[in-house]
Amino acid sequence: MEGPLVGVHNVTKRYGSQLVVDGVSLDIKRGEFFSLLGSSGCGKSTTLRMIAGFETPDAGEIRFANVNPSKVPAYVQQVNMVFQNYALFPHMTVTQNVGFGLKMERVAASESKRRVAEMLELVQLGNFGDRLPRQLSGGQQQRVALARALATKPQVVLLDEPLGALDLKLRKEMQRELKHIQESLGLTFIYVTHDQEEALTMSDRICVMNRGRVEQVGTPEEIYHRPQSKFVADFIGESNFLTGTVTAHHAGHVSVNVAGLTIQAQTNQPPPAGAEVVLAIRPERINFTQETSLLGQNVVQGEIHRSVFCGSDRIFHVNLPNGLSLQVREQSDNTPEGASRGTSVGLTWPMDAVAVIAA
Amino acid sequence: MNSSRLRTSALLSPALLWLAIFFLVPLALVVGVSFATRGQPFTWDFTTKAWEAALAEAKLPIYLRTLWFSLGATAVCLLLGFPVAWFIVRRSPRARQVLYALVLIPLVANSLVLVYAWKTLLANDALVGEWLIKLGIGPDGNGIYNTRWSSLLGMVYYYLPFMVYPIYTSLEKMDWRLLEAAADLGASSARQFWHVVLPLVWPGVATGSILVFIQSVGTFVIPDILAGNKDLFMGKMINDQFLGSARNWPLGAAMSLIVMGAISVALVIYFKLQSRIEK
Amino acid sequence: MIATAPTSRFPIGKSLLWLHGLVTYAFLYLPIALLVFYSFSASEFNTVWGGFTSHWYADLTANEDKLLALKNSLTIGFSSTLLGAILGTTAALGHARLTAGKRRLIEVLFLLPIMVPDIVMALALKIYLDRVLHLTADDGMVKLLIAHGLLAMCYVFMVVSTRLRGFDWRLMEAAADLGANRWQAFRHVQLPLLWPGVVGGMLLAFAISLDEYVITSFLRGPGQNTLPISIAADIKHTPKPEINALATLMLLSSVVLALASALVQRKGKATS
């Protein structure tokens, strides 16, 4: 098995007294679509800029596998970047922009011409070679930026919020296209975004960052369904948070007492009895039920406090007898008859819908 | 880090050296010369003779005249310039560019020639001079040809663009919806102007005023051509100490330092006002 | 840019504002009109129209004093502009790399020579160059180059540093990312984008040098006339209508230079 293509080892970066990146370690595999996800100021862009070689870590190091022994630093040789707002050279045509890296590498003119044409074909801008960047739409500029980064055949492409300036529809289209190009060329993408949906749909793995630290690294499914911290559960999608105490261990699951209510939660690493934990439950995993108990399921009774229509779904705020409140998300056409304020309802969710997080 | 700092200073130092050697050092030397003894053209030593001469009571009218005329030129430029800036900014974007350029063009023209043109215009038998006499304008109702007042006219003429420029820039940045909002809230025109417009364009007004004042205090060419021989201004007097008949370098140096002093005081007031506005 | 300002009633009535604008523009262009008008008048006096002629212009081309003055003006203009362009541009590039606090200081330093009254700068340089560096009357051109170069440097610095403020430094990162070294990034990316600012600053500096009178009158050697010096002498001693023609030509060249400067800078802005 091959080692990581890019290894970030315990990297720290300060700006003045501010700790921007705090001991970040990452292993990025060849051919992977790897996302750094977090809100602004979480250190994701700085981490990316250190991988690109624009910033030097204060501590720790960044290693590239398979570096040709030469004086040229690895980040120059095999890492190219797609900048936020593209940073296209405004005085050069599309062709000159895409060919810039080849020119710097002193690639022969005929070969360069061929490669540029190939790249423009790839991003579907075959006829736009003579235009200047300002004569292009945002989406087209984005494609040029991508073509420019790909022209020198880098091993790793860094993308810093590349779709941030585009409107929603175009963004979705570009997401598909980026993913397609990455897969068909077998490229390694390191992708910085604050858009969780973007990260979830495109990535092979996601690293969620917060305040300069790594919160969790995992596949989109792991990140979504098995968040390891309250931050991740809160940042990705929506969650009901319940604080309680572990009362008993069972095979593969634990019982947790939440304000007098016992909730069963599946977990591989059960915390010790008596430990305080936070339970995270996705609203869409809670269902209405007529039953009072179901095997392997949590069942509670409550009263609808509020119901909010939001298109395909409807969100219910349900008050429980112990004073807690749960949000429940149901498809609009699947809501119980006469579900309105004050209606008593039964709620149920499977044990594996509960993520146990150390408090 | 270190090589980056080296590169920065390598880029900056040639120009800064030029500035230091051929501007800052000469300026500092002026102080030294103001304490030197006059003679062929002066000898280095320490005497306060030049300063005594510069601060003699006989010179006071010249200083006051220069000060009042500079303040006067500033005030007239403001009165003329503000409405012009306002006039320009309310035209269409295209018209604005043309009108604005038209204000600046006299500035790039040769000042000597324009000032001379005014002199010929103000002569008693010329276009403007004739009218002034007919209307009985001027100190004795005889026009202003070869008087200090034609020097004031020259200053206003030549320095007006310096006033229009910053006011126009700040008016252009103003959010005109604020006026609509104020009107919407029932503010009268005068109150809108006082409470909405003025605080926003005040920095532009201050910048324009300081620019006109600084230019006026040191002006030499304009009074030299327009004011005739009766009324001296500081710039003309300093010039005469070096190039004219008077030939007294230390006195010229001392008087130029008085000019610099007046400018510094104006600048201090300007920056004080500016920082108060920012608060 | 904001949209056209809404019409609203203001202390100054609309028609009054128009009248004021009209009168002010008339005030500004009256002497200019006079110059141009009488430069084509056959009369010896600036007050009488003597019928159309272009012989004042023809006279100029035969006036050796004026031609020599023109040559001096152009020599000093070109050399000081070139010097100022190099010093001012490098300084602006260094300035952009500083922290905000130091930047402000440098800006003030380069603004000083423009703000200080020309007569003060003139006498300071005269004292220094004549009495400390002991340059003689024969070095008049060198002295003028030093002074005009100083002014040119400051004007170029102002224009270029303003332009650099809008420069997107990520373009340099993008170039480095694609394998360009520092020089290549400057040569292929930064310089082409900065060029309009440099040219605009140079045109401005050249126009200023051509019209400079006070400092030149202090520093020039005997017989070293520039156009403004020569004009001043004529005005004081023997005003001739020829001056109108010369002034018209100088005005025209100044306007062309200023417009060219503005156009070059605008064109540059459009590509960035």
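What about B:K272, is it facing another protein chain (nearest Cβ under 10 Å) and of a type outside the set (S, T, Y)? In short, no. Checked against (1) at pLDDT 90 or above; (2) farther than 23 Å from A:L324 by Cα; (3) surrounded by fewer than 18 Cβ atoms within 10 Å (Cβ to Cβ); (4) out of contact with any Asp or Glu (no Cβ under 6 Å at 6 or more places or on another chain), A:R213 passes all but a single condition, namely (4). Each residue in the range B:165-187 was checked for being of a type in the set (F, W, Y) and more than 11 Å from chain C (Cβ to nearest Cβ), and 2 of them qualify.
The residues listed here are B:V217, B:V259, B:V212, B:V221; of these, the one that is within 30 Å of C:K236 (Cα to Cα), touching a Cys at 6+ places or on another chain (Cβ under 6 Å) and touching a residue at least 12 places away in the same chain (Cβ under 8 Å) is B:V212. Just to be sure before I move on: is A:K172 under 16 Å from the mean Cα position of the chain (by Cα), under 28 Å from A:K29 (Cα atoms), free of Cβ contacts under 8 Å to residues at least 60 places away in the same chain and more than 13 Å from chain C (Cβ to nearest Cβ) in the structure I sent? Spelling it out, A:K172 is indeed under 16 Å from the mean Cα position of the chain (by Cα), under 28 Å from A:K29 (Cα atoms), free of Cβ contacts under 8 Å to residues at least 60 places away in the same chain and more than 13 Å from chain C (Cβ to nearest Cβ).
If the condition is being β-branched (V, I, T) and under 14 Å from A:T343 (Cβ atoms), then the range A:290-322 contributes A:I304, A:V318.
Scanning the range C:212-224 for residues that are within 13 Å of chain B (Cβ to nearest Cβ) and either buried (at least 23 other Cβ atoms within 10 Å of the Cβ) or farther than 20 Å from C:N63 by Cα (or both) yields C:E212, C:Y213, C:V214, C:I215, C:T216, C:S217, C:F218, C:L219, C:R220. If we keep just the residues of the range C:230-251 that are in contact (Cβ under 8 Å) with a residue 40 or more places away in the chain, aliphatic (A, V, I, L, M) and surrounded by 19 or more Cβ atoms within 10 Å (Cβ to Cβ), which is farthest from the other protein chains (Cβ to nearest Cβ)? Taking the candidates together, the pick is C:A245. Scanning for something in a helix (DSSP H, G or I) and among the hydrophobic types (A, V, I, L, M, F, W, C), does the range B:34-45 turn up at least one residue? No: the range B:34-45 contains no residue that is in a helix (DSSP H, G or I) and among the hydrophobic types (A, V, I, L, M, F, W, C). Only one of the numbered conditions (1) more than 27 Å from B:A109 (Cα to Cα); (2) aliphatic (A, V, I, L, M); (3) within 12 Å of chain B (Cβ to nearest Cβ) is not met by C:A100, and that is (3).
Would you call C:G88 surrounded by 24 or more Cβ atoms within 10 Å (Cβ to Cβ) and within 7 Å of chain B (Cβ to nearest Cβ)?
Details: surrounded by 24 or more Cβ atoms within 10 Å (Cβ to Cβ): yes; within 7 Å of chain B (Cβ to nearest Cβ): yes.
In short, yes.
Across the range A:5-30, the qualifying residues are those that are in a loop (DSSP other than H, G, I, E, B) and buried (at least 16 other Cβ atoms within 10 Å of the Cβ), and the one among them that is modelled with the lowest pLDDT is A:L5.
When the test is whether a residue is farther than 22 Å from A:R226 by Cα and among the basic types (K, R), A:R285 does not pass it. Only one entry in B:G235, B:G244 is at pLDDT 75 or above, within 12 Å of chain C (Cβ to nearest Cβ) and not in a helix (DSSP H, G or I), namely B:G244. What residue, of B:I214, B:I167, is under 16 Å from B:I277 (Cα atoms) and at pLDDT 85 or above? Checking each option against the conditions leaves just B:I167.
Of everything listed in (1) under 26 Å from C:K126 (Cβ atoms); (2) surrounded by 18 or more Cβ atoms within 10 Å (Cβ to Cβ); (3) more than 8 Å from every other protein chain (Cβ to nearest Cβ), the single unmet condition for B:L19 is (3). When B:V265 is tested against (1) under 17 Å from the mean Cα position of the chain (by Cα); (2) crowded, with 17+ Cβ neighbours inside 10 Å; (3) of a type outside the set (F, W, Y), exactly one condition is not met: (2). Mind checking whether some residue in the range A:115-127 is among the basic types (K, R), within 33 Å of the chain's Cα centre (by Cα), under 30 Å from A:A65 (Cα atoms) and within 14 Å of chain C (Cβ to nearest Cβ)? Yes.
Being in contact (Cβ under 8 Å) with a residue 40 or more places away in the chain, part of a helix (DSSP H, G or I), of a type in the set (S, T, N, Q) and out of contact with any helix residue (DSSP H, G or I) (no Cβ under 7 Å at 6 or more places or on another chain) is the requirement here; does A:Q228 meet it? Against the criterion (in contact (Cβ under 8 Å) with a residue 40 or more places away in the chain, part of a helix (DSSP H, G or I), of a type in the set (S, T, N, Q) and out of contact with any helix residue (DSSP H, G or I) (no Cβ under 7 Å at 6 or more places or on another chain)), A:Q228 does not qualify.
Each residue in the range A:96-151 was checked for being of a type outside the set (S, T, Y) and outside any helix (DSSP H, G or I), and 16 pass.
For the range B:88-137, name all the residues that are without any contact (Cβ under 8 Å) to a residue 60 or more places away in the chain, under 17 Å from B:K173 (Cβ atoms) and within 7 Å of another protein chain (Cβ to nearest Cβ). Of everything in the range B:88-137, those that are without any contact (Cβ under 8 Å) to a residue 60 or more places away in the chain, under 17 Å from B:K173 (Cβ atoms) and within 7 Å of another protein chain (Cβ to nearest Cβ) turn out to be B:R90, B:P93. Among the residues of the range B:144-156, those that are away from every other protein chain (no Cβ under 14 Å) and either among the aliphatic types (A, V, I, L, M) or under 18 Å from C:F27 (Cβ atoms) (or both) comprise B:I144, B:W149, B:S151. Of the helices (runs of 4 or more DSSP H) that lie entirely inside the range C:125-200, those containing 1 or more residues that are in contact (Cβ under 8 Å) with a residue 24 or more places away in the chain and over 15 Å from the mean Cα position of the chain (by Cα) span C:140-165.
For the range B:46-62, which residues satisfy the criterion of being assigned to a helix (DSSP H, G or I) and surrounded by fewer than 19 Cβ atoms within 10 Å (Cβ to Cβ)?
Our first condition is that a residue be assigned to a helix (DSSP H, G or I); within the range B:46-62, this holds for B:49-54, B:57-62.
Result: B:K49, B:W51, B:E52, B:A53, B:E57, B:A58, B:K59, B:L60, B:P61, B:I62.
Name every residue in the range A:316-337 that is buried (at least 16 other Cβ atoms within 10 Å of the Cβ), modelled with pLDDT under 90 and in a strand (DSSP E or B), in order of residue number. Answer for the range A:316-337, where residues must be buried (at least 16 other Cβ atoms within 10 Å of the Cβ), modelled with pLDDT under 90 and in a strand (DSSP E or B): just A:E330. Screening C:S43, C:S79 for residues that are of a type in the set (G, A, S) and buried (at least 17 other Cβ atoms within 10 Å of the Cβ) leaves exactly one candidate, C:S79. Take the conditions in a helix (DSSP H, G or I), over 22 Å from C:I127 (Cβ atoms) and under 17 Å from the mean Cα position of the chain (by Cα) and apply them to C:S230. Does it pass? Against the criterion (in a helix (DSSP H, G or I), over 22 Å from C:I127 (Cβ atoms) and under 17 Å from the mean Cα position of the chain (by Cα)), C:S230 does not qualify.
Quick check on my filter: what residues within the range B:87-135 are polar (S, T, N, Q) and surrounded by 21 or more Cβ atoms within 10 Å (Cβ to Cβ)? Result: B:N110, B:S111, B:T120.
Answer with yes or no whether B:A73 is surrounded by 20 or more Cβ atoms within 10 Å (Cβ to Cβ), farther than 30 Å from B:W202 by Cβ and more than 8 Å from chain C (Cβ to nearest Cβ). It is false that B:A73 is surrounded by 20 or more Cβ atoms within 10 Å (Cβ to Cβ), farther than 30 Å from B:W202 by Cβ and more than 8 Å from chain C (Cβ to nearest Cβ). Please tell me if A:K103 is within 20 Å of C:E173 (Cα to Cα), within 30 Å of the chain's Cα centre (by Cα) and without any contact (Cβ under 8 Å) to a residue 24 or more places away in the chain. No, not satisfied.
The values are calculated or read from the model by the stated rules, or taken from the named source; none is laboratory data. Just so you know, these numbers come straight off a predicted model, no measurement behind them. Every residue, glycine as well, gets a Cβ built from its backbone with ideal geometry; the counts of neighbours run over all protein chains shown.
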